[in-house]
Amino acid sequence: MSEENVVYIGNKPVMNYVLAVVTQMNSGVPEVMLKARGRAISRAVDVAEIVRNRFLPELEVGSIDICTEEMTSREGSNSNVSAIEIQLCKTESI
């Protein structure tokens, strides 16, 4: 998957990310990957569900990967942060 098909979820409003996914899918991309860490995980799930239920019902969740990433803070201490990747695919491409 190329980097341009990835939507990184952060602190912006949910609809900003929904618009990004819908725009990519309408441009002919067969799949989009949503990536989020920490508190943004619930926002990523919201984005996936809003896109599927309101805008593009032909999309399916291809795969969901969860992991823990080790982050180093500015002070040099390490902490573990949960991460998720949600793959949204057009039904023909599965």
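Within the stretch 18-33, identify whether any single residue is over 15 Å from residue 88 (Cα atoms) and in a helix (DSSP H, G or I), and answer yes or no.
Looking only at the stretch 18-33, we keep the residues that are over 15 Å from residue 88 (Cα atoms), and these are none.
The answer is no, given that none of the residues of the stretch 18-33 is over 15 Å from residue 88 (Cα atoms) and in a helix (DSSP H, G or I).
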Notebook entry, point to check: Does residue 49 count as surrounded by fewer than 18 Cβ atoms within 10 Å (Cβ to Cβ), assigned to a helix (DSSP H, G or I) and modelled with pLDDT of 95 or more?
Noted result: yes
Notebook entry, point to check: In the stretch 11-47, which residues are of a type in the set (Asp, Glu) and in contact (Cβ under 8 Å) with a residue 40 or more places away in the chain?
Noted result: 31
Item checked: Selection count, the stretch 18-44, where residues are within 20 Å of residue 82 (Cα to Cα) and out of contact with any strand residue (DSSP E or B) (no Cβ under 7 Å at 6 or more places or on another chain) -> 3
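Say we look at the stretch 1-13 and pick out the residues that are under 11 Å from the mean Cα position of the chain (by Cα) and not aromatic (Phe, Trp, Tyr); which of these is farthest from residue 83 (Cα to Cα)?
Here is the first cut: in the stretch 1-13, the ones under 11 Å from the mean Cα position of the chain (by Cα) are 5-10.
Now narrow it down to the ones that are not aromatic (Phe, Trp, Tyr): 5-7, 9-10.
Values: 5: 18, 6: 14, 7: 14, 9: 11, 10: 12 Å.
This residue is 5.
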Check: Counting just the residues of the stretch 34-46 that are in a helix (DSSP H, G or I) and among the hydrophobic types (A, V, I, L, M, F, W, C), which one comes out nearest to the chain's Cα centre (by Cα)?
Finding: 44
Checklist line | Subset of the stretch 70-92 (residues that are more than 16 Å from residue 34 (Cβ to Cβ), part of a strand (DSSP E or B) and not small (Gly, Ala, Ser)) | finding: 70, 71, 72, 78, 80, 81
Notebook entry, point to check: Under the condition of being loosely packed, with under 14 Cβ neighbours inside 10 Å and small (Gly, Ala, Ser), which residue from the stretch 52-73 is farthest from the chain's Cα centre (by Cα)?
Noted result: 73
Next item on the list: From 50, 66, grab the single residue that is among the β-branched types (Val, Ile, Thr) and touching a residue at least 24 places away in the same chain (Cβ under 8 Å).
Entry: 50
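The values are calculated or read from the model by the stated rules, or taken from the named source; none is laboratory data. Keep in mind that this is a model prediction, so the values were computed, not measured. FYI the Cβ positions are ideal-geometry reconstructions off the backbone, even for glycines, and counts take in every protein chain you see.
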